[in-house]
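Worksheet: one structure, shown below.
Where a number appears in this text, it was derived from the coordinates with a stated rule and is not lab data. This one's a predicted model, so the numbers in the text were calculated from it and none came from an experiment.
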Amino acid sequence: MIGFILAAVIIGGMLLTWLRHAYRGAKWLLDVLAAAAYLLFFSEAAHAVLRTLLDDTVFMTQVHEVLLSPLFLVSGGYLGPYGLSLLLAQLLPRNK
């Protein structure tokens, strides 16, 4: 399963890198999607921590409910390949 996840992140990162270089408009769209995913990811995490604190529950067990949130999983699943695509884009030669 870990191999499948690693392969998906690498393939996704390569695909996003290709899209970033092949289409000028794709770069803007990928960046906007990343900003939205960033906001969703951290707002879900902050909501889980706040709910845990307000309910006065045990932090180390209750806060892990965020891992069941579809918004958290989808946005985190996009940020992994997106971050890799940014790193790969730095390695590619630039046309000047």
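Using the Karplus equation 6.51 cos²θ - 1.76 cosθ + 1.60 (θ = phi - 60°), what ³J(HN,Hα) coupling, rounded to whole Hz, does each residue of the range 64-74 give in order, writing x for Gly and Pro?
6, 5, 4, 5, 8, 6, x, 4, 5, 5, 5
Work out the P(r) tail for the range 33-89: percent of alpha carbon pairs separated by more than 15 Å, whole number. Write out the running numbers ahead of the final one.
Numbers: 821 of 1596 pairs.
So the portion of pairs separated by more than 15 Å is 51 percent.
Quick check: residue separation of residue 62 and residue 87 times 0.36 nm, minus the Cα distance between them. What number comes out in nm? Walk me through the intermediate numbers first.
Details: separation 25, 0.36 × 25 = 9.00 nm, distance 3.43 nm.
That works out to 5.6 nm of additional length.
Find the percent of Cα-Cα distances in the range 1-61 that exceed 14 Å, and round it to a whole number.
Numbers: 1309 of 1830 pairs.
Of all Cα-Cα pairs in the range 1-61, 72 percent lie more than 14 Å apart.
Determine ³J(HN,Hα), in whole Hz, for all residues of the range 24-33 in sequence, where each value follows from phi through the Karplus function 6.51 cos²θ - 1.76 cosθ + 1.60 and θ = phi - 60°; x replaces Gly and Pro.
Rounded to whole hertz, the list is 5, x, 5, 4, 4, 5, 5, 5, 5, 4.
Output ³J(HN,Hα) for the range 76-90: one whole-Hz value per residue in order, computed from phi by the Karplus curve 6.51 cos²θ - 1.76 cosθ + 1.60 with θ = phi - 60°, and x for Gly and Pro.
Here the 3J(HN,Hα) series is x, x, 7, 5, x, x, 5, x, 5, 5, 5, 5, 5, 5, 5 Hz.
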